[in-house]
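J.: Handing you a structure now.
Quick note: the coordinates plus some simple rules give every number you see, no bench work behind them. Note that the structure is predicted; figures quoted are calculated from it, not measured. Here Cβ is always computed from backbone atoms with ideal geometry, including for glycine, and neighbour counts include all displayed protein chains.
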Amino acid sequence: MSNKSILIVGAGFSGAIIGRQLAEQGHKVRIIERRAHIAGNCFDERDGATDVMVHVYGPHIFHTDNQRVWEYVNRYGHMMPYVNRVKATVNGQVFSLPINLHTINQFFKTTCSPDEARRLIEEKGDKSISDPQTFEEQALKFIGRELYEAFFKGYTIKQWGMQPSELPASILKRLPVRFNYDDNYFNHKYQGMPRDGYTKMVEQILAHENISVELNTEFDRQEAGDYDHVFYSGPLDAFYGYRHGRLGYRTLDFEKFIYDGDYQGCAVMNYGSVDVPYTRITEHKYFSPWEKHEGSVCYKEYSRACGEDDIPYYPIRQVGEMALLEKYLSLAEQESAVTFVGRLGTYRYLDMDVTIDEALKTADAYLASLADDSKMPVFVVNAR
């Protein structure tokens, strides 16, 4: 197998991991990144005033059931135990999320046992809805109007910029209720935070003699022909100069403020009421509970439609966007020697562990294609 010349667009987890896997097999990898830093939206850095490690583009909490992924991140960073315990301020009270037995008893001012709580929630559910088609119908069917309006309706309106009655039921994939006192936000076997931050982890992944990284560098499609293969983790529509229009995203604005002391006593506090303009406040020192800081760095988080100059966060994937996506997928499928990867390249919302898993599988697929002289797919995953 002869050594290949590889161009990777984007120095986030997708690009860094693919680059590292190929570099270790002797291939020469050039990674270009349009921003002034590596690690993509996982970029973190120390706040100058407080020394708190700040997740600059919003909190990233690592959780997975995938052992290969867990072993991979531990190879490049020291993972510390971390349990995400989210709180929500509703009607002047603070509750635990996801909805659990404590939330139910507190909200309804009861002392239900697990079985009693199940019966209570079943009674609250709207039995007239047999086949929920929308987010709102899904919530009303399974948890009833009171919990839906308190914890989901306003938050969803702010997060997505549309009514829950306009969103598909699939967004609320499963019954968001636990009938015990478990307030661990995630169910995954492996959960943690990198002691030295995600930026340091990505830096370690990129530290290989066969990898070069260039920051503040835009991708020029004319360069693609100079390489044996291109892995592209930028926006799919941007690759084609937005010729059919822009795919829809939500973006986030962060209002950062410093507090002398402890501001809210937890990492994440949700605000479900539409009367509060932000969706949540994050207090970043609580993402590193093994550290001690006198001061605190907090972010108020606002969601809105993504403009041309904004950072795209959440792909909307509604009917109109899916029709537009199909046009771009048809263009992409005509490419050769290009593979689209990651959240932006495949226009899908991805958790970190899925991003890492897909990057590893993409590298596996490319190495296999070289070994058996087969064509590397444009998409290793189903982007539809």
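J.: Do we find a residue being of a type in the set (Phe, Trp, Tyr) and assigned to a loop (DSSP other than H, G, I, E, B) anywhere in region 8-29?
T.: no
J.: Return the residue satisfying two criteria in turn: it lies in region 346-364 and is closer than 19 Å to VAL29 by Cα and in contact with a Gly (Cβ under 8 Å, 6 or more places away or on another chain), and of such residues it is surrounded by the fewest Cβ atoms within 10 Å (Cβ to Cβ).
T.: Our first condition is that a residue be closer than 19 Å to VAL29 by Cα; within region 346-364, this holds for 356, 358-364.
Okay, now just the ones that are also in contact with a Gly (Cβ under 8 Å, 6 or more places away or on another chain), so 358-359.
Details: GLU358: 23, ALA359: 28.
Step by step, filter region 346-364, then rank; the result is GLU358.
J.: Scan region 274-306 for residues that are more than 22 Å from GLY261 (Cβ to Cβ), within 19 Å of the chain's Cα centre (by Cα) and not aliphatic (A, V, I, L, M) and jot them down.
T.: THR279, TYR302, SER303, ARG304, CYS306
J.: Return the residues of region 30-55 that are under 30 Å from ASP220 (Cα atoms), touching a Ser or Thr at 6+ places or on another chain (Cβ under 9 Å) and of a type outside the set (Gly, Ala, Ser); say none if nothing qualifies. Full working, then the answer.
T.: Kept after step one, since they are under 30 Å from ASP220 (Cα atoms), are these residues of region 30-55: 30-45, 55.
This time we only want the ones that are touching a Ser or Thr at 6+ places or on another chain (Cβ under 9 Å), so: 30-34, 37-40, 42-45, 55.
Of everything in region 30-55, those that are under 30 Å from ASP220 (Cα atoms), touching a Ser or Thr at 6+ places or on another chain (Cβ under 9 Å) and of a type outside the set (Gly, Ala, Ser) turn out to be ARG30, ILE31, ILE32, GLU33, ARG34, HIS37, ILE38, CYS42, PHE43, ASP44, GLU45, HIS55.
J.: Please go through region 187-241 and pick out each residue that is assigned to a strand (DSSP E or B) and either of a type in the set (Phe, Trp, Tyr) or surrounded by fewer than 18 Cβ atoms within 10 Å (Cβ to Cβ) (or both).
T.: As a first pass, look at region 187-241 and keep what is assigned to a strand (DSSP E or B): 190-194, 211-214, 229-232.
Scanning region 187-241 gives TYR190, SER212, GLU214, PHE231, TYR232.
J.: Based on what the data block shows, is HIS55 surrounded by fewer than 19 Cβ atoms within 10 Å (Cβ to Cβ), of a type outside the set (Ser, Thr, Tyr), under 25 Å from GLU283 (Cβ atoms) and within 19 Å of the chain's Cα centre (by Cα)?
T.: Spelling it out, it is not the case that HIS55 is surrounded by fewer than 19 Cβ atoms within 10 Å (Cβ to Cβ), of a type outside the set (Ser, Thr, Tyr), under 25 Å from GLU283 (Cβ atoms) and within 19 Å of the chain's Cα centre (by Cα).
J.: Which condition number in (1) without any contact (Cβ under 8 Å) to a residue 12 or more places away in the chain; (2) within 16 Å of GLY19 (Cα to Cα) is the one that ASP372 fails?
T.: Evaluating ASP372 over (1) without any contact (Cβ under 8 Å) to a residue 12 or more places away in the chain; (2) within 16 Å of GLY19 (Cα to Cα) leaves (2) as the failure.
J.: Suppose we keep only residues that are surrounded by fewer than 16 Cβ atoms within 10 Å (Cβ to Cβ) and assigned to a loop (DSSP other than H, G, I, E, B) within region 312-334. Which one would you say is nearest to the chain's Cα centre (by Cα)?
T.: Only one residue fits best here, namely GLN318.
J.: A further question follows. Just a yes or no: is a residue in region 253-262 closer than 29 Å to GLU333 by Cα, hydrophobic (A, V, I, L, M, F, W, C), part of a strand (DSSP E or B) and in contact (Cβ under 8 Å) with a residue 24 or more places away in the chain?
T.: The answer is no; no qualifying residue exists.
J.: Right, another one. Does ASP126 qualify as being farther than 29 Å from ILE61 by Cα and surrounded by fewer than 15 Cβ atoms within 10 Å (Cβ to Cβ)?
T.: Details: farther than 29 Å from ILE61 by Cα: yes; surrounded by fewer than 15 Cβ atoms within 10 Å (Cβ to Cβ): no.
Considered against the rule, which asks whether it is farther than 29 Å from ILE61 by Cα and surrounded by fewer than 15 Cβ atoms within 10 Å (Cβ to Cβ), ASP126 comes out as no.
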